[in-house]
Amino acid sequence: MSKTPVQFRHNGSDVAVFVEGGANLLSVLRESIGDTAPKFGCGQGTCGVCTVLIDGEPHLSCLTLAETVSGRAVETADGLKDGPHLHPLQTAFMEHFAAQCGFCTPGMLMAAKALLDRNPAPTRDEVVEAVSGNICRCTGYEPIINAILSAAGQPGARRA
Amino acid sequence: MAKHRGRGMASINYPIGMNLGGDPSQALVHSNPSGKFTVSLSAIDLGQGMKSVTRQICAETLGVPVEDVYVDTADSDTGPHDMGSFASRGTHRVGNAVMAAAKEARGVMMEAAAQELEVNAADLETDGRGNIHVRGAPHRSISVRDVAIAAQFRQGRTISGRGIFLVPLSSVDPETGEMTPATCYAHACLVADVEVDDETGEVTMIEMNSAYELGRALNPRLVEQQLVGGAWMGLSHAIYETTEPYYPDRKDGPRDFNEYLMPGPGDICPHNIAVLERPAPDGPFGGKGPGEMCANPVLPAVANAVFNAVGVRIDELPVTPEKVLRAIKAQGGARPQPKFG
Amino acid sequence: MLEFRKEFFADERDDNLKEIGKGTQRQDMLGHVTAMTKYFDDHKVQNLLHLKVLRSPHHHARIRHIDVSAAQGAPGVKRVIRGADVPVNINTLLSLLNFGKDDEPSLAVDKVRYKGEPVVAVVATTEREAFEALSKIRVDYDPLPAVFDVEEAIKPGAPVVNEVYPNNTFEYHDKYDHQKLRFGDVEKAFAQADHVLEQRYQMSPIEHAPTETNGTVAAPDTNGRYVVYTGAQGLFFALDTCAKILNVPSNRLHFIGGTVGGGFGGKVDSVTEPLAILGAMLTGRPVRYLHNREEEMQFGPPRGAERIFIKDGVMKDGRIIARYVRSYFDSGAYTRLSSYAVVKCVAHIPGPYTIPNVWADVYCVYTNRTPATAMRGFGITAVDFALETQMDKLAHLVGMNPMEFRILNAYRDGDMKAHRREAKNCALIECVQVAAEKAKWPIRDEFKRMHSRSGGGGDRAVIPHTPGVTPSATPPRPQRTSYERPGMPQPTPQSAPQPMPAAASAPQPPSLPAQPAPVQTQHGATRFSSVFGTRRR
Amino acid sequence: MPIAVRTFEKLGDAASALASDRGARFLGGGTLVMRAINEGDVSITTIVRSTDAVASQIRPAGARIEIGAGVTMAQILSNRDLAFLHPAARIVGGPAVRAMATVGGNLFAPSPYGDFAAALLALDATVSIAGSYSTSETPLEDFLASRERGGTRLVASISFPRPGNPDTFRFRKVSRVKPKGISVLSIAALLPVAGGRISGARIAFGAMAPTPVRAKGVERALEGRSLDGEGMSAALAACLEGTAPVDDAIASAWYRREVLPIHLKRVLLGQPG
């Protein structure tokens, strides 16, 4: 059957894959490239667990036609740490116990990274807005909001 | 427009574990030749922290640092039987099984240490930092690592243990309902402060204050995760969630997270929590299980707060703006009730 | 903000442990934040096939004919699975505990009993091909009248949802359509009560909504075994269920799980495991069966709806002397675990209070909706909503501070509970006191001084005469269990219980404070009923 | 069969491809079409795309503002010139959805979605539809009215007169979940004032009918009046005219009717929600 070649940057390295017609980026990342950091939660664009950055902007990989990322840079939570060194957001999520089942965490981290890359000193409201597309069923959001604020060295973190 | 503050409270208890058909859990603990331990389970970690709490229970019982213990779960080829992660049974049932297994392993470890130190095992104690020494004579000491090596390569002992914890089947009397449903109970009381818009029926959370008694808090941070997240789910049940908005009519059931309503990060309110610890006589180090009960007091507390704010009783969940508005109209307007505190 | 109130029950606790009581980092946290945690769908599997199911568009219908010929020949289709292909196409989850009758097929055969019930499964090379094949299956249905309301369902002549339970109710002890609780004499007490309040409450069905949906990846392994990656909440529960449905020895199934993206009770039912494994058996290739979000929300089992009626008798001074609860669990079309929730609910009544007369009748009712299952607080959450809303109304009725009203009626160590076991290790009073303090909700000193370890037992430990019930052969054992470890101090009542007033043999705390005048003055006894309206007596 | 993906440089060619293939859908931001495919909509056999740059441009052409159909909500939010539209763009999904969802796609979003279209309706927007050889203009109101009848039309851009005073444009979305939730209802209002009186008001509602609708009764009631008691009460009395709300998972038709005047009043008075 007809497959389309797609080349893009994946967490800093060039990758080339053949994709099925109509395939979404999430399935290509998980099944063709083997990056299981982005998760499948709905395929509807309503949960945010598949959130990745495309050219620095947060996108829902389950709603992204794979071939549209041709020549673009895709970042996932798998590429967040710098070698052995954790990203400040990862450290903050650990310190604030901002994960329980952990399934929303990769998408949550990427949504947070998109915010901090553009706005290094966000207010609590800006953090709330930044994660508003990401569902967490375990934590009640409070520790996640606090983790992001503290990663940015911002006040306003309120212990639940 | 008029917005009315109201506060309501509720107090509850919650049974730990299930009474049906017997309620067993098993655990295996063994050491590798350098004195690092593995706990093998078939218990499930779905975010509640099963791996973490059993790890601490095992380390405490063995008398070794928590870093020297890892919990491996769940593989049906290597992990012994466990009923599963539900009914708030995990910490209590699996925790007890791990404790039993760790005790057996500790017994072998102390025997092996006694043989190396040429003393009676009864005279030995662990320092929790990876060493075993003669009680009252810390200089007569041997590391758990050296004990493990000796046990494996010289003494031919397995530093390992098996544990099972079984709550036997409790039959239920058909006429009276007499039964033993659980072995211990957790407790909670929660106060909800809300604001109700009497023109739209919208309920806004202002603050929650609560006290939870959950036996021994084996890990305060895990307890905090459960209580904060659980109260959020309770709030969600109280005023948002339903798979059938027009129950018992099946129409218009939500199909995604846009239609299935839950509080967003902009809907949460400060929650001040006090934790009380009355150890369960039969719990691992007195632990019960905070996982389920933490959500329960929020539902009635919020409904009672809505009554306190505008004087209407919503007895059908969820307490939607529509139900509140219909009730206010039927009543001929908001009737704020006397406030407590 | 979370604070510990170590001053409470300090004498029952050893706070000097090395690892217990420490806020140690989670063993799985580093894996979570680096996205290295492996959930069931994160294991590398080659040549994966995809399984999708065709679901019933009807709430209740007879299946006249199923034509899968077009689907069988469709591109990429490896196998179409019908009910007849399932080795043991009838099961009930709790049959593992010998509780209840097999009542649910993996794939519907003769009729469908709820909208969304699986009828046919297709295994194909791609998800797209599976979807296309499903669209080619023709099912000829003969719609039947459906019933959705629990009280309608138990009326004579209601449509029979599930022929295994022709009365639309689960069968308890092979003779009753509900589980009873009988403790004391509620009717006598209602006659003595100053106020009687009867109310109706309704819990909505609720979705667990874990961010990871239900799913299973099953793959052929060596030695004729199958490796099964699953998000099940009970590993052996799922394994044994599959061994039964697929009629294979349990040691041919190798289940790997334990790391789950949220469950909350929604991953107990083994909905995806049996078909995924069967797909692997029939195709010889790895098969994934993953619920999409709509399936999870509408056809995956919810927390069931419950309808609860509570009738209470309360004295002017705030003592509750009788409570009767009639409740209906909406189990949907099949039993799953609702039959057990009923038992758990019965044991929970009347809540954490000592009430001398308590009766309950709780039903597990079948309707034409998605089968319900366990969820966080199973059997308790809804009844707690009802009980605590009712408690608020009672406090209002007698003009009492709701906090003091709870403390007055709270159970204490040594009290006899309605399920005929001694209350121990109680801490409700302390929780109410601390919550009141945190919320700056004033309560009077007498109530601040009360505690769970005194004032209980004595007359409060007595099992009252219960009309119509022959005392059970075995006298109620105190709640002692062989595995209970000694060493923990067993609290004993510190003050002798007070004599009971003549009005009613109701529990009474050591010092019953003077009661304020009720907010609304009640002359004589009022019966209020949300069902029958208000009337004087 | 795998889905065919056809990418065209020119919108016109994409329009022809759409017209010639009943199984073809135009892929904008993906929030509608990719979701349908993920959920197994086998009626979609071809995805049509265009890389036409004009579709993703915002062109302030003097008195009129023209927005390419491919412009995303995120683009709107980063354009200072469109500050008055930011409230309407900010309430579309979360940041990731806004980086994908397009202005053109919002015109096709079924109720209770499509709040941005309601804002455009209150701005008297015109839709330009790409044909094989030329583009045609249609008032947004007519476009939405005929949307339900279906047909594969490819939107090239949306244009509307720049409000004389941006402060006269107000938008509010009422949702259950904060900060991101879909509509109970949304209200967009352009309230030009001349000599203390409203003149040429444009009011539109989202989620009060199968598509966003103009509130012509309210517009008439406000004409030549001030937002005081008289004008207000007349406006509220007329606010249900032309609406046809439905029950859905978010709210019932009854509730939407009940609270529409409440929220309209708050919007007109500039009160908080």
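For the reader, a short list of remarks on this structure follows.
- Within the stretch C:210-227, one or more residues are part of a helix (DSSP H, G or I), out of contact with any Asp or Glu (no Cβ under 6 Å at 6 or more places or on another chain), among the polar types (S, T, N, Q) and more than 7 Å from every other protein chain (Cβ to nearest Cβ).
- Within this structure, C:Arg421 passes the test of being surrounded by fewer than 23 Cβ atoms within 10 Å (Cβ to Cβ), within 9 Å of another protein chain (Cβ to nearest Cβ) and out of contact with any Phe, Trp or Tyr (no Cβ under 9 Å at 6 or more places or on another chain).
- Scanning the stretch D:234-264 for residues that are touching a residue at least 12 places away in the same chain (Cβ under 8 Å), part of a helix (DSSP H, G or I), of a type outside the set (Val, Ile, Thr) and within 14 Å of chain B (Cβ to nearest Cβ) yields D:Leu236, D:Tyr255, D:Arg256, D:Arg257, D:Leu260, D:Pro261, D:His263, D:Leu264.
- Qualifying residue in the stretch B:222-231 (condition: among the β-branched types (Val, Ile, Thr), part of a helix (DSSP H, G or I), without any contact (Cβ under 8 Å) to a residue 60 or more places away in the chain and at the interface with another protein chain (Cβ under 8 Å from one of its Cβ atoms)): yes
- Only listed residue being within 13 Å of chain B (Cβ to nearest Cβ), free of Cβ contacts under 8 Å to residues at least 40 places away in the same chain and among the charged types (D, E, K, R), chosen from C:Arg26, C:Arg5, C:Arg82: C:Arg26
- If you filter the stretch C:447-464 down to residues that are among the charged types (D, E, K, R) and closer than 30 Å to C:Lys188 by Cβ, you find that the one that is surrounded by the most Cβ atoms within 10 Å (Cβ to Cβ) is C:Arg460.
- Matching residues in the stretch B:173-193 - criterion: being part of a loop (DSSP other than H, G, I, E, B) and either in contact (Cβ under 8 Å) with a residue 40 or more places away in the chain or hydrophobic (A, V, I, L, M, F, W, C) (or both): B:Met179, B:Thr180, B:Pro181, B:Ala182, B:Thr183, B:Cys184
- D:Thr138 vs. criteria surrounded by fewer than 20 Cβ atoms within 10 Å (Cβ to Cβ) and free of Cβ contacts under 8 Å to residues at least 60 places away in the same chain: yes
- Residue match in the stretch C:304-316 (condition: farther than 30 Å from C:Ile206 by Cβ, in contact (Cβ under 8 Å) with a residue 12 or more places away in the chain and among the β-branched types (Val, Ile, Thr)): yes
- Within the stretch C:374-401, residues that are at positive phi and facing chain B (nearest Cβ under 7 Å) have Cβ atoms under 8 Å from residues that are surrounded by 24 or more Cβ atoms within 10 Å (Cβ to Cβ) and hydrophobic (A, V, I, L, M, F, W, C) in these pairs: C:Gly377/B:Met293; C:Gly377/B:Ala295, counting only partners at least 6 apart in sequence or on another chain.
- Within the stretch D:79-97, the set of residues being part of a helix (DSSP H, G or I), within 11 Å of another protein chain (Cβ to nearest Cβ), crowded, with 24+ Cβ neighbours inside 10 Å and touching a residue at least 12 places away in the same chain (Cβ under 8 Å) comprises D:Pro95, D:Val97.
- Entirely in the stretch C:38-148, the strands (runs of 3 or more DSSP E) that have 2 or more residues that are surrounded by fewer than 17 Cβ atoms within 10 Å (Cβ to Cβ) and charged (D, E, K, R): C:61-67, C:138-143
- Filter pass, C:Gln202 being under 29 Å from C:Tyr328 (Cα atoms), at the interface with chain B (Cβ under 8 Å from one of its Cβ atoms) and either in contact with a helix residue (DSSP H, G or I) (Cβ under 7 Å, 6 or more places away or on another chain) or part of a loop (DSSP other than H, G, I, E, B) (or both): no
- Screening the stretch C:259-361 for strands (runs of 3 or more DSSP E) wholly inside it with 1 or more residues that are over 23 Å from B:Thr242 (Cα atoms), at pLDDT 95 or above and not assigned by TED's automatic domain parsing to the domain that holds C:Ala232 returns the ranges C:306-314, C:320-332.
- Selection status of B:Lys51, under 19 Å from C:Ala232 (Cβ atoms) and part of a helix (DSSP H, G or I): yes
- Selection count where residues are part of a strand (DSSP E or B), facing another protein chain (nearest Cβ under 8 Å) and among the acidic types (Asp, Glu), scope the stretch B:194-217: 1
- Restricting C:Leu275, C:Leu282 to residues that are more than 10 Å from every other protein chain (Cβ to nearest Cβ) and touching a Phe, Trp or Tyr at 6+ places or on another chain (Cβ under 6 Å) narrows the list to C:Leu275.
- Which listed residue is closer than 21 Å to C:Tyr39 by Cβ, in contact with a Phe, Trp or Tyr (Cβ under 9 Å, 6 or more places away or on another chain) and either at pLDDT 95 or above or within 14 Å of chain D (Cβ to nearest Cβ) (or both), from A:Ile148, A:Ile135: A:Ile135
- Members of the stretch A:56-111 found to be crowded, with 24+ Cβ neighbours inside 10 Å and among the small types (Gly, Ala, Ser), listed by number: A:Ser61, A:Ala66, A:Ala77, A:Ala92, A:Ala98, A:Ala99, A:Gly102, A:Gly107, A:Ala111
- Residue identified as within 14 Å of chain D (Cβ to nearest Cβ) and surrounded by fewer than 22 Cβ atoms within 10 Å (Cβ to Cβ) among B:Glu244, B:Glu259: B:Glu259
- Residue satisfying condition, being more than 7 Å from every other protein chain (Cβ to nearest Cβ) and surrounded by fewer than 24 Cβ atoms within 10 Å (Cβ to Cβ), within set B:Gly289, B:Gly283, B:Gly311: B:Gly311
- The stretch B:152-172, subset within 11 Å of chain C (Cβ to nearest Cβ) and assigned to a strand (DSSP E or B), residue farthest from B:Arg313 (Cα to Cα): B:Ile164
- Comparison of B:Ala274, B:Ala303, B:Ala280 shows that the only residue that is part of a helix (DSSP H, G or I), outside the structural domain of B:Asn96 (by TED's automatic domain parsing) and modelled with pLDDT of 95 or more is B:Ala303.
- Applying the criterion of being assigned to a loop (DSSP other than H, G, I, E, B) and among the charged types (D, E, K, R) to the residues of the stretch B:318-341, the residue that is farthest from B:Arg7 (Cα to Cα) is B:Arg335.
- Taking each residue of the stretch C:213-234 that is under 18 Å from C:Arg293 (Cβ atoms) and looking for partners that are of a type outside the set (A, V, I, L, M, F, W, C) and in a helix (DSSP H, G or I) with beta-carbon atoms closer than 7 Å, six or more apart or interchain, yields C:Thr213/C:Arg293; C:Thr213/C:Glu296; C:Asn214/C:Glu296; C:Gly215/C:Asp41; C:Thr216/C:Glu273.
- Which listed residue, of B:Gly84, B:Gly79, is assigned to a loop (DSSP other than H, G, I, E, B), at pLDDT below 95 and within 11 Å of chain C (Cβ to nearest Cβ): B:Gly84
The values are calculated or read from the model by the stated rules, or taken from the named source; none is laboratory data. Nothing here was measured: the structure is a model prediction, and the numbers come from that model. Note: ideal-geometry Cβ built from the backbone for every residue, glycine included; neighbour counts use all protein chains shown.
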